[in-house]
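The numbers here are math on the coordinates, done by the rules we state, and not lab data. Predicted model only: the values in this text are computed from it and were never measured. Counting neighbours? That spans all protein chains shown, and the Cβs are built from the backbone with ideal geometry, glycine included.
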Amino acid sequence: MTIAADAPRFHVLAVDDSITDRKLIERLLKTSSYQVTVVDSVSKALQFLGLLEDGTTATPPGQKVVSFLVRMDVDVNLIITDYCMPEMTGYDLLKKIKESSLLKDIPVVIMSSENVPSRINRCLEEGADEFFLKPVQLSDMKKLRPHILKGKSMDSNESTSTPSSSSKKKSSNEGILPEWTKTRLNLPWSFLSYFSSSTCNY
């Protein structure tokens with residue numbers, strides 16, 4: 001069986017403050033035939049997506065009102081982001097995406113070198129589609145495409161979506177969580193920490 005030469009190349013936005021991890025995820029994504037844009041912070045990711053502060057909004061004295069301008073030409077099919085980054089975390093980025101009416105259907109995958117169940121559950125409950133433990137592997141890239149296809153399907157059928165779809169997603173996350181956690185815990189911590197530039201306490 002041959003793959004059509006004109007098969008679509010999905011665009012992935014990768015966010016990580018570690019240059020080592022950025023190079024790794026970029027290489028894995030390109031090897032898996034994704035178009036890749038890499039940035040080193042949440043603020044740059046928000047800028048790329050067009051979630052920019054609009055200083056033209058009139059505000060009453062002593063109050064700060066922030067509005068956002070979403071770039072209409074952004075064509076990102078999935079966002080994969082590190083959790084632990086300075087200033088704003090991957091969780092902060094996840095919340096911004098899910099709060100945007102135009103970007104909320106873009107799948108978001110969180111990565112971390114730390115296996116913290118409460119953090120993982122919080123991200124999944126907020127709407128993350130996957131949570132990968134670092135170092136990310138080539139086999140993880142195979143898990144991205146179904147989320148992209150699901151996101152595109154939700155985009156085209158948004159008006160007919162039902163509450164049952166969210167409960168179905170939550171139950172699928174609960175089923176996946178123990179399996180990958182068990183697999184990755186076999187890796188020595190010293191090897192995992194090599195890929196992490198800092199430790200999060202939140």
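When each of Y91, Y83 is scored by the number of other beta-carbon atoms lying within 10 Å, the sequence from fewest to most is Y91, Y83. Between K98 and S32, the modelled labels are 2.1 nm apart [label points 7 Å from Cα along Cα→Cβ].
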